[in-house]
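Below you'll find the structure, written out as structure tokens, and then a few comments.
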Amino acid sequence: MNRYTWRTGTLEGVMIVVALIFMVPVYVLINLSIRDQTDLSSPLVPTANPTFDNFANAWAQSGLGQAMVNSAVITVVSVLLLVGLGSLCAYGLARATARWSAPAFYLFMIGLLVPFQLGLVPLYRNFAALGLLGTMVPLVIIYVGLRLPFTLFLYTTFLRQIPAEYEEAASLDGAGTFGRFRRVVFPLLRPITGTVIILNGLFVWNDFLTPLLYLSGSPNRTVPIAVYSFVNENTTVWPLVFAALLISVIPVLIAFFVFQKTLIQGFASGIKG
Amino acid sequence: MTAATEPSPAETGRTVRESAARRNARRTGSRFIWLFILPAAVFYGFVVLIPSFQGVFFSFTNWNGLSSDWSFVGIDNFTRLFEDAVSVKAIGNTFLYAILSTVFENILGLLVALALHSRIKSRNVLRVLFFMPVVLLSVVIAYLWQYLFQVNNGAITQLLHAIGLHDANPNWLGDPNLVVYSISIIVIWQFTGYTMVIYLAGLQGIPPEQLEAAAIDGAGPIARFWYVVRPLLAPAITVNIMLSLIRGFMIFDQVWVTTGGGPADSSHSLSTLVYRTAFQFGELGRGAAIALVLAVIVGILGFFQYRGLLRSGGAR
């Protein structure tokens with residue numbers, strides 16, 4: 001069972017073919033983005049005279065640079081707030097002994113069951129009433145509120161496995177509740193904090209519906225919205241469009257290939273809780 | 001619990017001091033602990049709780065979002081929802097998206113996971129390749145497939161020709177009878193790697209000795225899968241099915257980018273219909289009613305998922 005037999009070899013061959021077919025869309029994406037706009041041969045045929053003009057033009061026209069900065073700011077601020085508020089709140093919920101602590105936990109967990117669409121319209125009106133449309137503020141607030149239930153779920157499940165003795169030792173040294181949290185509990189939460197960062201970060205970076213609603217036509221638009229409006233303005237110029245699509249996913253792809261092991265583990269472990 | 005931490009007279013001075021500190025910790029903890037919870041609660045209340053209640057409230061009104069002149073219309077929005085051909089179609093589509101994507105993401109994801117949970121040398125590279133679409137922007141994937149699905153010699157049609165279907169020329173995204181299936185293909189391509197990763201994690205938890213023992217007892221690969229692997233993989237199967245279903249029911253990006261709900265409103269999901277009704281037609285009351293129907297569907301599913309998660313957590 002442990003040896004590389006001819007059956008393993010066959011399986012390997014089959015899986016490589018399957019993976020190649022699976023990668024056809026990605027191949028077309030790259031193949032077309034390096035193609036001259038006048039080259040009308042089949043998208044499956046390798047491009048004869050590769051050019052990088054599309055990238056230069058797409059970069060100059062799409063405003064993707066600014067959009068990446070905006071996306072990065074929104075993602076970093078949202079994730080930092082989620083890690084900070086989420087871990088603090090989970091610690092409070094896990095260690096509180098008052099009668100209201102269990103109902104409070106379940107009130108947060110209801111958020112896992114309520115789809116965002118239900119509050120979508122009223123929330124938009126509320127932010128309009130506050131005069132915040134077109135700014136990044138509503139997005140950060142929304143991502144934090146929206147992802148808190150899941151973040152709390154991850155943190156509380158993890159916290160329950162940490163014995164309280166660690167904190168008690170710290171309280172002997174005269175640390176207050178917050179000091180205990182900051183110096184003892186938070187460092188212990190590091191593995192799950194990684195998962196929280198990965199899953200929330202990717203969610204925020206990739207989200208389309210919220211910025212479509214709040215940032216369309218604003219200078220603060222994020223990457224998905226910049227892509228969306230750029231493609232709508234250049235519908236049939238596919239090589240140009242594909243260059244923009246490729247540029248827009250490059251930051252995440254680099255991060256993915258550098259951290260792929262941690263990232264995939266984060267996905268697998270985050271779900272198991 | 002307090003009784004258990006009470007020091008007995010025989011205990012040493014160190015333990016007594018520790019217990020005092022522990023009591024102290026608990027006291028300060030319970031008095032100021034709400035300060036830890038409050039900031040998160042403010043965000044959560046403002047973004048989720050309050051708007052959701054408002055959503056339920058407005059689903060019984062004819063509010064257009066702008067004027068202050070609105071009135072209660074009872075369940076009118078809901079009766080219209082179930083009479084209007086577009087929204088009835090959208091409800092059907094939503095179930096179709098959810099079921100198609102769930103079935104195929106899980107079958108394909110499991111098959112790939114089983115194949116890559118083996119001795120093949122390229123398994124790590126292949127895992128990364130199959131997972132890659134999960135991290136890409138949905139918007140990018142949708143545009144890419146919109147191009148691949150072009151009529152007359154689009155890349156996918158050319159692939160059909162290459163495998164011998166020379167006359168095939170489906171109008172993938174333009175045929176009202178086909179468009180929901182085409183969009184489902186996009187979603188399946190995007191998320192099969194997601195289910196694969198969860199199945200791989202599940203497979204890694206299966207002790208190889210059990211499989212070897214079954215093999216020695218004469219069980220073939222299929223019997224080994226059915227009697228040894230499948231029961232041990234049950235938690236991963238549950239989690240995957242629930243995640244795929246909820247993702248499918250909430251589908252927005254792939255539909256909105258490729259077709260905008262068209263042609264002739266044939267590909268709308270409930271999410272895209274909420275967006276169009278509320279924000280493009282300005283019928284916020286009706287939009288909220290559609291959202292409430294979606295919320296009930298996802299809420300019921302989510303309830304089962306949550307129970308399942310709690311149970312699997314308890315079992316471990």
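The values are calculated or read from the model by the stated rules, or taken from the named source; none is laboratory data. Keep in mind the model is a prediction, meaning the values are calculated, not measured. We place every Cβ from the backbone using ideal geometry, glycine too, and count neighbours over all the protein chains shown. Side chains are part of the model used for accessible areas, which takes the heavy atoms of the whole protein and leaves out ligands, DNA and RNA. Shrake-Rupley method; radii C 1.70, N 1.55, O 1.52, S 1.80 Å.
Looking for something more than 8 Å from chain B (Cβ to nearest Cβ), more than 30 Å from B:Phe281 (Cα to Cα) and in contact with a Leu (Cβ under 8 Å, 6 or more places away or on another chain) - is there at least one such residue anywhere in the stretch A:69-77?
no
Would you mind listing the helices (runs of 4 or more DSSP H) fully within the stretch B:74-176 where at least 1 residues are in contact with a strand residue (DSSP E or B) (Cβ under 9 Å, 6 or more places away or on another chain)?
B:76-83
Take A:Pro224 and tell me if it is facing chain B (nearest Cβ under 10 Å), closer than 14 Å to A:Asn70 by Cα and either hydroxyl-bearing (Ser, Thr, Tyr) or touching a helix residue (DSSP H, G or I) at 6+ places or on another chain (Cβ under 6 Å) (or both).
Against the criterion (facing chain B (nearest Cβ under 10 Å), closer than 14 Å to A:Asn70 by Cα and either hydroxyl-bearing (Ser, Thr, Tyr) or touching a helix residue (DSSP H, G or I) at 6+ places or on another chain (Cβ under 6 Å) (or both)), A:Pro224 qualifies.
Out of the residues in the stretch A:227-250 that are modelled with pLDDT of 90 or more and open to solvent by 30 Å² or more (accessible area, probe 1.4 Å), state the one that is nearest to the other protein chains (Cβ to nearest Cβ).
By that ranking, first place goes to A:Tyr228.
Given (1) free of Cβ contacts under 8 Å to residues at least 60 places away in the same chain; (2) assigned to a helix (DSSP H, G or I); (3) open to solvent by 30 Å² or more (accessible area, probe 1.4 Å); (4) over 30 Å from B:Ser68 (Cα atoms), identify the lone condition not met by B:Gly218.
Unmet for B:Gly218, out of (1) free of Cβ contacts under 8 Å to residues at least 60 places away in the same chain; (2) assigned to a helix (DSSP H, G or I); (3) open to solvent by 30 Å² or more (accessible area, probe 1.4 Å); (4) over 30 Å from B:Ser68 (Cα atoms): (2).
Restricting to the stretch B:186-207, name every residue that is aliphatic (A, V, I, L, M) and more than 16 Å from the chain's Cα centre (by Cα).
In the first step, residues of the stretch B:186-207 are kept if they are aliphatic (A, V, I, L, M); the result is B:186-188, B:196-198, B:200-201, B:203, B:206.
Listed by number, the residues that qualify are B:Leu200, B:Ala201, B:Leu203, B:Ile206.
Do you know which residues across the stretch A:10-57 are modelled with pLDDT of 90 or more and small (Gly, Ala, Ser)?
A:Gly13, A:Ala19, A:Ser33, A:Ala56, listed by residue number.
With respect to the numbered conditions (1) more than 23 Å from the chain's Cα centre (by Cα); (2) within 21 Å of B:Ser182 (Cα to Cα), which one is the sole condition not fulfilled by B:Ala115?
For B:Ala115, the exception is condition (2).
Assess whether B:Gly260 counts as being open to solvent by 20 Å² or more (accessible area, probe 1.4 Å), more than 10 Å from chain A (Cβ to nearest Cβ) and farther than 27 Å from B:Gln146 by Cα.
Taking the combined requirement at face value, the residue does not satisfy it.
Within the stretch A:116-123, is there a residue that is touching a Leu at 6+ places or on another chain (Cβ under 9 Å), within 7 Å of chain B (Cβ to nearest Cβ) and open to solvent by 20 Å² or more (accessible area, probe 1.4 Å)? Even if it seems obvious, please write down each step before you answer.
To start, the set of residues in the stretch A:116-123 that are touching a Leu at 6+ places or on another chain (Cβ under 9 Å) comprises A:116-122.
Next, only the ones that are within 7 Å of chain B (Cβ to nearest Cβ) stay: A:117-122.
Now restrict to residues that are open to solvent by 20 Å² or more (accessible area, probe 1.4 Å): none.
No, the stretch A:116-123 contains no residue that is touching a Leu at 6+ places or on another chain (Cβ under 9 Å), within 7 Å of chain B (Cβ to nearest Cβ) and open to solvent by 20 Å² or more (accessible area, probe 1.4 Å).
What number of residues within the stretch B:50-73 satisfy the criterion of being open to solvent by less than 50 Å² (accessible area, probe 1.4 Å) and either more than 8 Å from chain A (Cβ to nearest Cβ) or not in a helix (DSSP H, G or I) (or both)?
So the count comes out to 6.
I'd like the full set of residues that are buried (at least 17 other Cβ atoms within 10 Å of the Cβ) and within 24 Å of the chain's Cα centre (by Cα), limited to the stretch A:172-194.
A:Leu189, A:Ile192, A:Thr193, A:Gly194
Given the conditions (1) facing chain B (nearest Cβ under 7 Å); (2) under 19 Å from A:Ala243 (Cβ atoms); (3) surrounded by 23 or more Cβ atoms within 10 Å (Cβ to Cβ), which single one is not true for A:Leu44?
Exception for A:Leu44: condition (3).
Can you tell me which residue in the stretch B:263-282 is nearest to the other protein chains (Cβ to nearest Cβ), limited to those that are assigned to a loop (DSSP other than H, G, I, E, B) and surrounded by fewer than 21 Cβ atoms within 10 Å (Cβ to Cβ)?
Kept after step one, since they are assigned to a loop (DSSP other than H, G, I, E, B), are these residues of the stretch B:263-282: B:263-269, B:281-282.
This time we only want the ones that are surrounded by fewer than 21 Cβ atoms within 10 Å (Cβ to Cβ), so: B:263-266, B:281-282.
Working: B:Pro263: 16, B:Ala264: 20, B:Asp265: 18, B:Ser266: 21, B:Phe281: 12, B:Gly282: 10 Å.
Across the stretch B:263-282, the extreme among qualifying residues is B:Gly282.
Identify the residue in the stretch B:164-213 that is crowded, with 18+ Cβ neighbours inside 10 Å and of a type in the set (Phe, Trp, Tyr) and, among all such residues, is farthest from the other protein chains (Cβ to nearest Cβ).
B:Trp172
Hey, can you tell me all the residues within the stretch A:131-142 that are at the interface with chain B (Cβ under 10 Å from one of its Cβ atoms) and either free of Cβ contacts under 8 Å to residues at least 40 places away in the same chain or closer than 12 Å to A:Gly86 by Cβ (or both)?
Hit for the stretch A:131-142 is A:Ile141, nothing else.
For the stretch A:90-115, which residues satisfy the criterion of being of a type in the set (Phe, Trp, Tyr) and within 8 Å of chain B (Cβ to nearest Cβ)?
Start the filter on the stretch A:90-115 by keeping residues that are of a type in the set (Phe, Trp, Tyr), which leaves A:91, A:100, A:105-106, A:108.
If the condition is that a residue be of a type in the set (Phe, Trp, Tyr) and within 8 Å of chain B (Cβ to nearest Cβ), then A:Tyr91, A:Phe108 are the ones that fit.
Check off (1) open to solvent by 20 Å² or more (accessible area, probe 1.4 Å); (2) over 15 Å from the mean Cα position of the chain (by Cα) for A:Asp207 and give me the number that stays unchecked.
Of everything listed in (1) open to solvent by 20 Å² or more (accessible area, probe 1.4 Å); (2) over 15 Å from the mean Cα position of the chain (by Cα), A:Asp207 misses just condition (2).
Exactly one condition in (1) assigned to a helix (DSSP H, G or I); (2) modelled with pLDDT of 85 or more; (3) more than 28 Å from the chain's Cα centre (by Cα) is false for B:Leu211; which is it?
Against the list (1) assigned to a helix (DSSP H, G or I); (2) modelled with pLDDT of 85 or more; (3) more than 28 Å from the chain's Cα centre (by Cα), B:Leu211 comes up short only on (2).
Based on what the data block shows, is B:Leu137 out of contact with any Gly (no Cβ under 8 Å at 6 or more places or on another chain) and facing chain A (nearest Cβ under 9 Å)?
Values: out of contact with any Gly (no Cβ under 8 Å at 6 or more places or on another chain): yes; facing chain A (nearest Cβ under 9 Å): yes.
Yes, satisfied.
Can you tell me which residue among A:Val17, A:Val28, A:Val83 is within 13 Å of chain B (Cβ to nearest Cβ) and under 17 Å from A:Ala243 (Cα atoms)?
Answer to the selection: A:Val28.
A quick yes/no check of all residues on (1) open to solvent by 50 Å² or more (accessible area, probe 1.4 Å); (2) within 24 Å of A:Ile247 (Cα to Cα); (3) more than 8 Å from chain A (Cβ to nearest Cβ); (4) not charged (D, E, K, R):
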| site | (1), (2), (3), (4) |
| --- | --- |
| B:Leu114 | yes, no, yes, yes |
| B:Arg119 | yes, no, no, no |
| B:Ser122 | no, no, no, yes |
| B:Leu126 | no, yes, no, yes |
| B:Phe131 | no, yes, no, yes |
| B:Tyr143 | no, yes, no, yes |
| B:Gln150 | yes, yes, yes, yes |
| B:Ile156 | no, yes, yes, yes |
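What pairs come up if the first residue lies in the stretch A:219-233 and is on the phi < 0 side of the Ramachandran plot, the second is among the basic types (Lys, Arg) and at pLDDT 90 or above, and their beta carbons are under 9 Å apart, counting only those six or more places apart or on different chains?
Going by the 9 Å Cβ cut-off, the qualifying pairs are A:Tyr228/A:Arg221; A:Ser229/A:Arg221.
Give me the residue from the stretch B:226-256 that is in a helix (DSSP H, G or I), touching a residue at least 40 places away in the same chain (Cβ under 8 Å) and open to solvent by 50 Å² or more (accessible area, probe 1.4 Å) and, out of that set, farthest from B:Ile183 (Cα to Cα).
So the residue we want is B:Pro235.
Please state which of the following conditions A:Phe158 fails to meet, knowing it meets all the rest: (1) hydrophobic (A, V, I, L, M, F, W, C); (2) closer than 24 Å to A:Ser269 by Cα; (3) within 18 Å of the chain's Cα centre (by Cα).
Single failed check for A:Phe158: (3).
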